[in-house]
1. Taking the range 268-301, which residues are open to solvent by 60 Å² or more (accessible area, probe 1.4 Å) and not in a strand (DSSP E or B)?
2. Which of the residues spanning the range 313-325 are open to solvent by less than 10 Å² (accessible area, probe 1.4 Å), in a helix (DSSP H, G or I) and of a type in the set (A, V, I, L, M, F, W, C)?
3. Can you tell me which residues in the range 106-128 are closer than 17 Å to Ile427 by Cα and surrounded by fewer than 22 Cβ atoms within 10 Å (Cβ to Cβ)?
4. Residues that are open to solvent by less than 40 Å² (accessible area, probe 1.4 Å), at pLDDT below 95 and of a type in the set (A, V, I, L, M, F, W, C): does the range 302-312 have at least one?
5. Six or more apart or on different chains, Cβ under 6 Å: which pairs go from a residue in the range 126-152 that's closer than 30 Å to Asn398 by Cβ to one that's open to solvent by 10 Å² or more (accessible area, probe 1.4 Å) and among the aromatic types (Phe, Trp, Tyr)? Could you list them?
6. Which residue, of Gly233, Gly245, is more than 30 Å from Asn88 (Cα to Cα), in a loop (DSSP other than H, G, I, E, B) and not hydroxyl-bearing (Ser, Thr, Tyr)?
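The values are calculated or read from the model by the stated rules, or taken from the named source; none is laboratory data. Just so we're clear, the structure is a prediction, and the values are computed from it rather than from any experiment. Note that each Cβ is placed from the backbone with ideal geometry, even for glycine, and that neighbours are counted across all protein chains shown. Heads up: the accessible areas ignore ligands, DNA and RNA and are worked out on the full protein's heavy atoms, side chains in. Shrake-Rupley method; radii C 1.70, N 1.55, O 1.52, S 1.80 Å.
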Amino acid sequence: MLSVFPVRKLSSLLLSFVLMVTIGVNSVESPVNGSTTASNITSTSSSPLLLPSQQDLYFNSTSEDGESKITEQIKELLRERIDNNKTNAAIAIGLVDKNGTQFYSYGQLSHNSNAKVDQNTIFAIGSNTKVFTALLLADMVNNGLVNLDDPVERYLPVNVTVPQYKGHKITLEDLATHTSGLPEWPYNYCPQYDPSRASVQDSIQFRLGLINCTKDYTIKQFYQALSNTSLSGEPGSQFHYSTFGSGLLGHILVLKSNMSSYEELLQKRILDVLGMNSTGINLSEQDKMRLAIGHYKGQEIPMWNLSAPIEGGGAIYSTAADMVKFLSANIGLIKTVLDKPMQDSHLIRHGTGQLLPNNLQTSEGAKLDYYVGLGWIITTNFGHEIIWHNGATASGYNAFMGFNPTTERGVVILTSDDITSNNVSNIVFNDKDTLSNLIMDLLTRN
């Protein structure tokens, strides 16, 4: 097992999509611009270093008064992503720092609704769910309910065989850090619609078939897959992104907590604490009235409700306003009982071997280092860090969230559009894209 390094590093990131796996805080609503100012705000005077690729660029996301803002240029570029692709989709961005929160949204809920989206519009967040699952683990560790080095088999029925590698057992930490050796997906998870290939299947029929198939995946099938899977290597030794592992972690935590479902556990330990009242998995009819319908090449796609075994890997729906609350708490701008578990989840625990979510390889020329915490991916350079995750779903959504602990600033971007038309999951990492550079400037500029 590698050591834990409590470092704080900053950089630009290079990220590609993830297919899916998918506070009691009193805030003050501004009657002028709808921004929210968080209480218990802290600040830092340290200055971030700009990456070499940024030092020669002249993108500026600051206003005339020097504050970092969602500028008119950013808004225009977001509108262009929707209008130029003619997808009929929607997009929302949230920015938070010690000065408060800002939001901008563009588009409408659906083809049949003229209602405009805003910061309270609901989107699927895909694999960003994995960060919530890992935080549940960190919180339960902090409360003495489980330990990071507990073997997985301790919490599963005795008739379930958990694979080992030459006598080495999978631990809860291995699941949270994608170092369990489990494959990306269970081998029996709708193999006729291989989820890892959904992004390259140029067919809405493929998406619809996958969505219809996965909803019937059972715990029995999940256990069968676990019992008959061989590990790719020794647990704790190598990063291999695994929705299988994240789903298993969520399932184990539900069993240990005696909750009825992953959503109930999530609600009690995170959502209620942070006041994320518009976040969940099984949307009510009232919630669905605020849902931006997902799109694939301009066509609307039905909701994708993942089956229980995989929920911990990508089932959450949320809003820009709620996700900004989540980032605020992770940055430390608001104080809750989750402070310590959140800080623990940010610690570097393993290198990724230059692999990104979905096990995509970074370019050979990349001069950045990639690590994994509990759930979060951490990209480092020059002694600083950016902590992030992303997600995309077969049902036509993709998203990015990330924050810079040095500048105490975070950004979330949600869209009801597929990555093939409007990829926001890698929006800050494409240094040839103006919008990407502007968003990176938001994260790194003091």
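1. Lys268, Asp272, Asn277, Asn282, Glu285, Gln286, Lys288, Met289, Arg290, Lys297
2. Ala320, Met323, Val324
3. Within the range 106-128, just Tyr106 meets the criteria.
4. Yes, the conditions are met somewhere in the range 302-312.
5. From the range 126-152, no pairs qualify.
6. Working: Gly245 fails: in a loop (DSSP other than H, G, I, E, B).
None of the others qualify; the one that does is Gly233.
This table checks each residue for (1) under 30 Å from His295 (Cβ atoms); (2) open to solvent by less than 10 Å² (accessible area, probe 1.4 Å); (3) under 24 Å from the mean Cα position of the chain (by Cα).
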| site | (1), (2), (3) |
| --- | --- |
| Val152 | no, yes, yes |
| Val160 | no, no, no |
| His178 | yes, yes, yes |
| Arg207 | yes, yes, yes |
| Asn212 | yes, no, yes |
| Asp216 | yes, no, no |
| Leu253 | no, yes, yes |
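Here's the yes/no breakdown for (1) at pLDDT 85 or above; (2) open to solvent by 10 Å² or more (accessible area, probe 1.4 Å); (3) assigned to a loop (DSSP other than H, G, I, E, B); (4) closer than 23 Å to Leu175 by Cα:
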| site | (1), (2), (3), (4) |
| --- | --- |
| Ala366 | no, yes, yes, no |
| Ile387 | yes, no, no, yes |
| Val411 | yes, no, no, no |
| Asn430 | no, yes, yes, no |
